[in-house]
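Reviewing the structure listed below.
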Amino acid sequence: MTNLRLVKYDVSTAYNGIKSFDCGNAMINSFVHKSLKKRVQKHLSQAYVLLDSENNERFVGFYTLDTFSITRASFETDNRPAGLPPMIPVVKLSMLGVDRQFQGKGIGKRLIRDVFLKSVKISELAGCAGVYLLAEKDAVTFYSSLGFVKIADAEPLPMFLAIELLL
Amino acid sequence: MTAINLKDARIEFKTSKDIKSLLQEAANSLGVDLSSFLISTATQRAKEIAKAERVLALSKEEWGNFQSMLENDKKPTKALKSLMNMEGFDD
């Protein structure tokens with residue numbers, strides 16, 4: 001079994017193999033190649049990167065977390081004559097990708113396990129009601145099996161897992 | 001002149017005749033020129049995208065379902081339990 005290290009993304013590091021990273025999804029590849037560094041630099045996202053210790057610390061996977069809020073549409077003012085619509089703070093799993101050569105080995109699942117562990121820590125340090133993500137069609141069954149539920153109708157599908165399930 | 005009206009950048013791009021005439025007709029029906037139409041439409045969409053990056057606004061019904069889901073007792077699924085028992089990564 002290869003030794004994979006998961007570390008917090010460091011904006012000053014030029015990761016080996018990051019430019020040729022290919023997870024098979026053009027949008028995610030383009031995010032890694034063009035946007036990842038900027039988003040972390042600006043503190044818009046935090047990223048965690050998976051490095052192959054046995055192959056020059058090659059970049060083989062990653063995920064990003066964002067702070068996010070779920071709110072009620074503000075134009076519905078009934079029963080709330082005063083104040084703002086309620087906002088629920090959550091963690092958003094924005095991007096996740098594993099290089100093609102490493103797919104089919106359960107690495108994505110282990111990354112999601114790590115997302116859950118980090119979400120619990122976040123909920124201990126600040127308010128966080130759960131994990132939010134937008135699921136592509138072919139991933140909905142998988143996320144549902146973990147307990148994620150659909151919270152709105154859209155494509156990709158907005159899904160949510162309550163933090164209690166992870167405590 | 002305010003900073004908002006300052007035009008100090010340029011966008012140029014190619015498209016097909018069909019799409020250009022579709023866009024031009026839409027601009028005409030609003031009585032604005034093509035550039036203004038494209039900029040205002042794209043700016044509006046960009047703002048929506050920027051907002052959706054941080055906030056999801058639920059309808060009244062969706063919000064109600066979300067609230068009851070938060071309040072109900074929850075049990076982890078088998079798949080979640082076995083995922084949580086998977087091996088972690090090295091630091």
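Which residue fluctuates most in the GNM of chain A (Cα springs below 10 Å): A:SER35, A:SER69, A:SER12?
Checking each option, the largest mean-square fluctuation is seen for A:SER12.
What relative contact order, as a whole-number percentage, does chain A give when Cα pairs under 8 Å and 6 or more residues apart are counted?
Normalised by residue count, the contact order of chain A is 18 percent.
Using a Cα-Cα cut-off of under 17 Å, which aspartates and glutamates could be cross-linked to B:LYS81, ignoring same-chain neighbours fewer than 8 residues away?
Within reach: A:ASP114, A:GLU164, B:ASP73.
Per residue of segment B:38-48, in order, report the coupling 6.51 cos²θ - 1.76 cosθ + 1.60 (Karplus, θ = phi - 60°) as ³J(HN,Hα) in whole Hz, putting x for Gly and Pro.
Result, ordered by residue: 5, 5, 5, 5, 5, 5, 4, 5, 4, 5, 4 Hz.
So how compact is chain A: Cα radius of gyration and Dmax in angstrom?
Rg and Dmax of chain A, Cα atoms, are 17.3, 61 Å.
Applying 1/(1 + (r/R0)^6) with R0 = 41 Å to the Cβ-Cβ distance of A:HIS33 and B:MET86, what FRET efficiency is obtained, to the nearest 0.05?
Details: r = 29 Å, r/R0 = 0.70.
FRET efficiency, A:HIS33 to B:MET86: 0.90.
In peptide A:58-69, what is the residue-averaged number of other protein chain Cβ atoms found within 10 Å of each Cβ?
Mean inter-chain Cβ contacts per residue within 10 Å come to 1.
How large is the dipole of chain A about the Cα centre if only Lys and Arg carry +1 and Asp and Glu carry -1, each at its Cβ, rounded to the nearest 20 debye?
380
Does a label point 7 Å from the Cα of A:VAL120, set along Cα-to-beta-carbon, have any residues of segment B:67-89 with amide nitrogen under 17 Å, and which are they?
Only B:74-89 fall inside the zone, counting backbone N under 17 Å.
In Å and on Cα atoms, what radius of gyration and Dmax does chain B show?
24.1, 63
Between B:SER35 and B:LYS60, how many nm apart are label points set 7 Å from Cα along the C-beta direction?
Placing both labels 7 Å along Cα→Cβ, they lie 4.6 nm apart.
Per Stokes-Einstein, at 25 °C and 0.890 mPa s, what whole-number D in µm² s⁻¹ belongs to segment A:33-73, with the Kirkwood radius over Cα pairs as the hydrodynamic radius?
Details: Rh = 12.1 Å.
So the translational diffusion coefficient is about 203 µm²/s.
A:LYS8: which lysines have alpha carbons under 21 Å from its alpha carbon, excluding same-chain residues fewer than 8 sequence positions away?
Answer for A:LYS8, where 21 Å is the Cα cut-off: A:LYS19, A:LYS34, A:LYS37, A:LYS38, A:LYS42, A:LYS92, A:LYS109, A:LYS118, A:LYS121, listed by chain and number.
None of the figures in this text is laboratory data; all of them are computed from the coordinates on show. The structure presented is a predicted model; accordingly, all values stated were derived computationally and were not measured. Counting neighbours? That spans all protein chains shown, and the Cβs are built from the backbone with ideal geometry, glycine included.
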